[in-house]
Amino acid sequence: MAQSEMITQAFIDDVCHRITTNQEVTLPLPLGGRIHIDRQLPFLCLYRQPKNRPDPGTEKLVLAEASFIIAKEEQTDLGLERLVGSIVKTAREEFGAFLLVEIFSLPVPQNEGQEIVEEMEETFCLFSRKKGLLSPVVEKLENELSRISLNNMHPKVSLKYMEHIAPTGMKPILDRKLCQEQGTYMLGFGVKPVYQSEDERLYPLELEDLRRGVSVACKKGFFEFVKRYTSMLMVDYRELGRRGVTPAVFEVDDALAKIEESFDFLLQVSPVNTHEAYKAFQQSGYRETPQFFYRPRPFDPALKKRELFGIALEKIEDPVLSDIFTQKRDEIDRKLTMLLDRDTPNFLPGSLQVYGGVDTALLESARSMMERIASVSKDPSPREMVDAVEMARAAREEIAYYKKRYPEVAARVEVRDDIASGAMVSNGNFLINRHSTFAKKRVEALINHEIGTHVLTYYNGYSQPFKQLHTGLCGYDEMQEGIAVLSEYLCGGLTLARLKILAARVIAVDSMVRGEGFVRTFALLHETHGMAPKSAFGVTSRVYRGGGLTKDAVYLRGFLDVLEYIHEGGKLDLLFIGKIAASHIPLIQELLYRKVLHEPPLFPRYLQTQEAAERLEKIR
C-alpha cells in the first residue's frame, strides 16, 4: 500500500485545527478526492465513489454544499474513516450536535433471464438509524425533495431504517460507538440515477435539474437541524450555502464579460442617420419608408460565438451561479445572432426571444393610457427647453455627487451625433444626441433615469465580485427600465407626455410584430393617437431599428411590474445591487445571505427626498 494513498494523521490534525479556528478547508485527498468546508458548520456531506462500478455525476450532488468530502470507496480504511470521525467530534464540540449525510446512487434492478425486475418507484430514499430519530429534519427533506420537478413530474420519496447506514456493499463510515454518542447524527441519502443512461453515460441536463432541487432540499434540511439540535444561530436556510467561490467561476465571469464588452449591442443596431432620415421622411409627406444606415460591425459574430461556446461553464460547481452564467451565455448568443441578422427579416424573431413581445394585458394598458391622456387638456403655455450642452452639465453634476460617495465612479458624459435616442447610457457612460432638446421640467427626471438608475446600477454591479452585475444579467433590461421610469415618477417628473411616449412604444411594438410597416405604424401614432410627427417618428424609428427591436415595450411593462413588486412589499434596495432581472431577485438574496455578494455602495439620491418617500407610500 503506497504511503501517498493514506490520509495521514497530520492531515487530519490540520483539518481539525482549521475547523476549530474557523478557517476554510479546501484540500485535495489522495486518489483524486477533495474536502471543502467553508467555515465552522455542524454538518457534512459525504460521497464515496464505488470501486466496482462507474457512477458518473453523483459526486456533483454534494458540490453545492458548504461542507463536503468526495473520496474513493477504497479510502475508507486508508484514513477516510478517521478523518470523518475526527471532523464529527471536532465540530460537535463547537455546536453540541453534528449531522453527517452520505449521498449515493441507488442500485438499479437488472434483467434476470426473461423476467424484468420491477424498477424502483422512488427517486429518493432516505435512511435513518431508527424511527423517530431526526424526525423534523427527515420530514423537511421528504417534503422538499417531493417538490422537485423532473420532466414535469414530482418524485416519490421513501424512508427506510437501518442500524448501519452505508451505500450497498460499502463499509459504514462511522463506527457503532461514535454513532451512539450523544449529538452524533447520520442520514443516508439515496438517489435513483435518472441522470445516467443504461450503459452508465451521463445525461448532463437531467443532472443539472436534479442537483438544483437537491441543493435547496439539503440546505432546508440542514437549517432544520441547525435550529432544533445545535447552538448555531441562523435566520435563513440560504445562509448555509457555500461562501467560497472557485476560480472557475471567475474565469467564466471574465470570459463572458470580455465578449459582451467587446461590442455595444444597442449602438450596433441603432441608425447613425436618424436626423437625416427624419428630414427625408418629412419631405416625402410621411409616405416613404426611411432608409437607415448602421455602423460597420467591427467583428465577425460567428467567431464570437465560437469563443462564447468555448467557455467552460460546466466547471462551475454552484448551481445558482451556474444558472446565472448559463442564462447570460445564451442571451449573448442570441444577441450575436441578431447582429448577424441585422437589417433582415430574421432580426425580429431574435428580438422576441431576447426582449419578448406585447401581451394582451400590456397592450390594453397602453391603449387605456393613450385614451386617458388624450382626454386631458394640454397646457397651452410654451415649454421651456434646454439643449444637449445644458443637459450634459446637469449630468456631470449628478455624476460628481455619486463619485464622492464611491470614488470608482468614472462615468463620462459625451455629446455625440451618432445615437438614435435623445440620451442613453452605454457601458456606464452617458451619451447625449447633439441635436436633441429637452423640456426643462423633465431634466431632473431624465437625470434620475439615466444617472440615478443606469449609471448607478452599473457601478454598484462593478463593486461586486462578478462582472455580470455591471454588464447585466440575462433579461435585465425590463427591471432596469422599470426602476428608471419609477425614478421619474418619484421625483414628480413622469409627465403625461412621458407616459404617452411609453404607451406609444408598446403600441408601436405590437403594430410592428403584427407585420405592419414603418409608415403604417407611424400613421397609427400620428393620426390615430395624435402624436406630433417628430415624436411619432422617434418612437417608430426606435422600434423598427435593426429590423424590428421589441426592447421598447419593456419600459412600460417593467414599470408596471415594479409597481406591483413594491405594492406587494418587495424590498426596493435589492433592485439597485446591479443590473438584474426580476427573476434574479431570489438568487441575489441567496448570494447576499451567503456573503458571496455585499451591500452596494450607492443608493439613488432621489430616494432620500420627502417627495419620493410620500410617493412610495402611495404605491405601497
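The values are calculated or read from the model by the stated rules, or taken from the named source; none is laboratory data. Nothing here was measured: the structure is a model prediction, and the numbers come from that model. Here the Cβ positions follow ideal geometry from the backbone for every residue, glycine too, while neighbour counts run over all protein chains shown.
Structure above, values below:
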{"read-out": "Breaking point among (1) farther than 22 Å from F347 by Cα; (2) surrounded by 17 or more Cβ atoms within 10 Å (Cβ to Cβ); (3) touching a helix residue (DSSP H, G or I) at 6+ places or on another chain (Cβ under 8 Å), for V506", "value": "(1)"}
{"read-out": "Check on E617, closer than 17 Å to L473 by Cβ, assigned to a helix (DSSP H, G or I) and charged (D, E, K, R)", "value": "no"}
{"read-out": "Pairs where the first residue, in region 21-36, is at positive phi and at pLDDT below 95 and the second is crowded, with 19+ Cβ neighbours inside 10 Å and assigned to a helix (DSSP H, G or I), C-beta under 8 Å, 6+ apart", "value": "L31/Q75"}
{"read-out": "Where K534 falls short, out of the listed (1) modelled with pLDDT of 95 or more; (2) among the charged types (D, E, K, R); (3) surrounded by fewer than 18 Cβ atoms within 10 Å (Cβ to Cβ); (4) part of a helix (DSSP H, G or I)", "value": "(1)"}
{"read-out": "Number of the condition not met by S149 [criteria: (1) under 30 Å from L591 (Cβ atoms); (2) modelled with pLDDT of 90 or more; (3) under 32 Å from the mean Cα position of the chain (by Cα)]", "value": "(2)"}
{"read-out": "Any hit, region 550-564, residues being surrounded by fewer than 22 Cβ atoms within 10 Å (Cβ to Cβ) and among the acidic types (D, E)", "value": "yes"}
{"read-out": "Residue among L340, L348, L362 that alone is surrounded by fewer than 18 Cβ atoms within 10 Å (Cβ to Cβ) and either touching a residue at least 12 places away in the same chain (Cβ under 8 Å) or of a type in the set (D, E, K, R) (or both)", "value": "L340"}
{"read-out": "Helices (runs of 4 or more DSSP H) fully within region 293-388 counting 1 or more residues that are among the aromatic types (F, W, Y) and more than 30 Å from H529 (Cβ to Cβ)", "value": "319-340"}
{"read-out": "Selection status of P172, in contact with a His (Cβ under 8 Å, 6 or more places away or on another chain) and within 16 Å of F104 (Cβ to Cβ)", "value": "yes"}
{"read-out": "Residues located in region 30-62, provided they are in a loop (DSSP other than H, G, I, E, B) and of a type in the set (V, I, T)", "value": "V62"}
{"read-out": "Selection from region 319-337 of residues that are crowded, with 20+ Cβ neighbours inside 10 Å and of a type in the set (S, T, N, Q)", "value": "S322"}
{"read-out": "Condition broken by L525, with the remaining ones in (1) surrounded by fewer than 21 Cβ atoms within 10 Å (Cβ to Cβ); (2) at pLDDT 95 or above; (3) of a type outside the set (D, E, K, R) satisfied", "value": "(1)"}
{"read-out": "Enumerated helices (runs of 4 or more DSSP H) restricted to region 436-495, each holding at least 3 residues that are closer than 15 Å to A411 by Cβ", "value": "443-449, 456-462"}
{"read-out": "Hey, F263 farther than 21 Å from E590 by Cβ and more than 17 Å from the chain's Cα centre (by Cα) or not", "value": "yes"}
{"read-out": "Selection status of E102, surrounded by 15 or more Cβ atoms within 10 Å (Cβ to Cβ), modelled with pLDDT under 95, assigned by TED's automatic domain parsing to the domain that holds I12 and in contact with a strand residue (DSSP E or B) (Cβ under 7 Å, 6 or more places away or on another chain)", "value": "no"}
{"read-out": "Test for E112: is it farther than 27 Å from M232 by Cβ and modelled with pLDDT under 95", "value": "yes"}
{"read-out": "Inter-residue pairs, beta-carbon under 7 Å, first in a helix (DSSP H, G or I) and in region 545-563, second crowded, with 24+ Cβ neighbours inside 10 Å and among the hydroxyl-bearing types (S, T, Y), 6+ apart", "value": "T550/S351"}
{"read-out": "Residue match in region 53-66 (condition: assigned by TED's automatic domain parsing to the domain that holds Q182, polar (S, T, N, Q) and either surrounded by fewer than 19 Cβ atoms within 10 Å (Cβ to Cβ) or without any contact (Cβ under 8 Å) to a residue 60 or more places away in the chain (or both))", "value": "no"}
{"read-out": "Answer residue from region 352-409, given it is among the polar types (S, T, N, Q) and over 29 Å from the mean Cα position of the chain (by Cα) and is modelled with the highest pLDDT among those", "value": "S368"}
{"read-out": "Residue that is touching a Gly at 6+ places or on another chain (Cβ under 7 Å) and either crowded, with 17+ Cβ neighbours inside 10 Å or closer than 20 Å to P167 by Cβ (or both), where the choices are I7, I19, I37", "value": "I7"}
{"read-out": "Total residues in region 430-463, condition within 25 Å of L336 (Cβ to Cβ) and touching a residue at least 24 places away in the same chain (Cβ under 8 Å)", "value": "5"}
{"read-out": "Residue check, L61 among the aliphatic types (A, V, I, L, M), modelled with pLDDT under 95 and within 20 Å of S128 (Cβ to Cβ)", "value": "no"}
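Conditions (1) farther than 25 Å from G570 by Cα; (2) in contact with a Lys or Arg (Cβ under 6 Å, 6 or more places away or on another chain); (3) surrounded by fewer than 22 Cβ atoms within 10 Å (Cβ to Cβ); (4) not assigned by TED's automatic domain parsing to the domain that holds A532, marked per residue:
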| residue | (1), (2), (3), (4) |
| --- | --- |
| M391 | yes, no, no, no |
| R396 | yes, no, yes, no |
| E408 | yes, no, yes, no |
| H435 | yes, no, yes, no |
| N448 | no, no, no, no |
| T453 | no, no, no, no |
| L469 | no, no, no, no |
